[in-house]
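S.K.: Below you'll find the structure I mean.
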Amino acid sequence: MNHFRQFAFKKFGYFDFHEDLNEQMALQDLTDFIKIVFVKAKGHVVIDFKKYHLREDALFFINPGQHYSFDDACSGTMLYYNRDFYCVEIHDKEVACDGILFHNVYEIPVISMKAQVSAAMQNTLQEMKTEIELNDTTMEEMLRILLKQVIIKSTRIWRQKHDVTNEKAHDEVEFSRTFSQLVEWNYTRLHTVAEYADLLHITPKALNKRITRYSNTTPNDVIKNRIILEAKRLLVHTNLSVKEIGYKLGYDDASYFVRFFTKQSGTSPNSFRLAYLAT
């Protein structure tokens, strides 16, 4: 059963699922909604071409534009809301999750939880479910407070997992988070490390040193991977031509885009599209 509330332009809802998430998703258009999905262990999830087999309960944070699927073993709860209800960019100083849980160009954020942590998170989700059934004038703000709790708790789990335990590590994560945000906002028009170094007012060498210090990838790889991810999304989820996709990603020369995609992916854009659609 779907539970939904609208406050002027602000929208928030949730539904529980048990081996029927894909069926429920087909009944409604949630394309423009931000989604937080709690999934119990044992399910299989695919987010942007990456597969996960859940050995523990987990939370997934899904932005509009990301593509996902859940197999029939998945059960849990999906929260969905629009940017008017809660925008992480606007409230970033409150929750410090943009570039970590959302718009993370380094990895798809998956928050795995041990039993005790999962039980506490499920209690917060249950509070939301109870609140949404109330006809109270304070419901909107209470739902927003509970949503922030989910986001803040998840950010803390992420920081613990990534061993952000001292001030120096915190500073490096904040720098990496800023770089992640810049790439997410600009990858269709800025393609080089030097361009992002200029935005950060440092040299390309300094940018490379800071990003590689606490990650297994270089700034150049981060930029290229983000472009390739979007190219793959457009290839398999739209009918745009390869030339149109290249232009959308900032490449006026279609031949150059094809060579770039082929070098990074090991296959041509058309071959990738055909292979994916054949599966």
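S.K.: Answer yes or no as to whether Arg213 is loosely packed, with under 13 Cβ neighbours inside 10 Å, without any contact (Cβ under 8 Å) to a residue 60 or more places away in the chain and in the same structural domain as Thr178 (by TED's automatic domain parsing).
M.R.: yes
S.K.: Would a scan of region 140-155 turn up a residue that is in contact with a strand residue (DSSP E or B) (Cβ under 7 Å, 6 or more places away or on another chain), farther than 21 Å from Phe15 by Cα and in contact (Cβ under 8 Å) with a residue 60 or more places away in the chain?
M.R.: Checked against the condition, which is being in contact with a strand residue (DSSP E or B) (Cβ under 7 Å, 6 or more places away or on another chain), farther than 21 Å from Phe15 by Cα and in contact (Cβ under 8 Å) with a residue 60 or more places away in the chain, region 140-155 yields no hits at all.
S.K.: If a residue counts only when it is under 21 Å from the mean Cα position of the chain (by Cα), which helices (runs of 4 or more DSSP H) contained entirely in region 200-258 have at least 3 such residues?
M.R.: 219-237
S.K.: If you don't mind, another one. Sort out which residues of region 1-25 are assigned to a strand (DSSP E or B) and surrounded by 14 or more Cβ atoms within 10 Å (Cβ to Cβ), and write them in order of number.
M.R.: Selection gives Arg5, Phe7, Lys10, Lys11, Phe12, Gly13, Tyr14, Phe15, Asp16, Phe17.
S.K.: If Glu172 passes every condition in (1) in the same structural domain as Gly246 (by TED's automatic domain parsing); (2) crowded, with 19+ Cβ neighbours inside 10 Å but one, which one does it miss?
M.R.: The number of the failed condition is (2).
S.K.: Shifting gears a bit: For region 219-248, give me each residue that is more than 20 Å from Ala275 (Cβ to Cβ) and in contact (Cβ under 8 Å) with a residue 24 or more places away in the chain.
M.R.: Those that are more than 20 Å from Ala275 (Cβ to Cβ) and in contact (Cβ under 8 Å) with a residue 24 or more places away in the chain: Pro219, Asn220, Val222, Ile223, Lys224, Arg226, Lys248.
S.K.: Can you report the number of residues in region 66-83 which are of a type in the set (A, V, I, L, M) and out of contact with any helix residue (DSSP H, G or I) (no Cβ under 9 Å at 6 or more places or on another chain)?
M.R.: Going through region 66-83 one residue at a time, the tally reaches 1.
S.K.: Leu79 is checked against (1) more than 26 Å from Asp98 (Cα to Cα); (2) buried (at least 20 other Cβ atoms within 10 Å of the Cβ) and fails just one. What number does that condition carry?
M.R.: The failed condition is (1).
S.K.: Does region 178-194 include one or more residues that are surrounded by fewer than 17 Cβ atoms within 10 Å (Cβ to Cβ), in a helix (DSSP H, G or I), among the small types (Gly, Ala, Ser) and in contact (Cβ under 8 Å) with a residue 12 or more places away in the chain?
M.R.: Looking through region 178-194, none of the residues is surrounded by fewer than 17 Cβ atoms within 10 Å (Cβ to Cβ), in a helix (DSSP H, G or I), among the small types (Gly, Ala, Ser) and in contact (Cβ under 8 Å) with a residue 12 or more places away in the chain.
S.K.: Filtering region 254-278 down to residues that are of a type outside the set (Phe, Trp, Tyr) and touching a residue at least 40 places away in the same chain (Cβ under 8 Å), which residue is farthest from Leu229 (Cα to Cα)?
M.R.: Ranking the qualifying residues of region 254-278, first place goes to Leu277.
S.K.: With respect to Lys114, is the statement that it is of a type in the set (D, E, K, R), crowded, with 17+ Cβ neighbours inside 10 Å and outside the structural domain of Asn225 (by TED's automatic domain parsing) true? Steps first, answer last, please.
M.R.: Details: of a type in the set (D, E, K, R): yes; crowded, with 17+ Cβ neighbours inside 10 Å: no; outside the structural domain of Asn225 (by TED's automatic domain parsing): yes.
No; evaluated as a whole, the condition is false for this residue.
S.K.: Let me ask something else about it. For region 155-194, what are the residues that are among the polar types (S, T, N, Q) and either in contact with a Phe, Trp or Tyr (Cβ under 6 Å, 6 or more places away or on another chain) or more than 17 Å from Ile108 (Cα to Cα) (or both)?
M.R.: The answer is Thr165, Asn166, Asn186, Thr188, Thr192.
Residue-by-condition table, conditions (1) under 16 Å from His162 (Cβ atoms); (2) hydrophobic (A, V, I, L, M, F, W, C); (3) crowded, with 20+ Cβ neighbours inside 10 Å:
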{"residue": "Tyr52", "(1), (2), (3)": "no, no, no"}
{"residue": "Ile62", "(1), (2), (3)": "no, yes, yes"}
{"residue": "Ser75", "(1), (2), (3)": "no, no, no"}
{"residue": "Cys97", "(1), (2), (3)": "yes, yes, yes"}
{"residue": "Leu101", "(1), (2), (3)": "yes, yes, yes"}
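The values are calculated or read from the model by the stated rules, or taken from the named source; none is laboratory data. As the structure is a computational prediction, the values presented were derived from the model and not from experiment. Quick reminder, even Gly has a Cβ in these numbers, built from the backbone with ideal geometry, and neighbours come from all protein chains shown.
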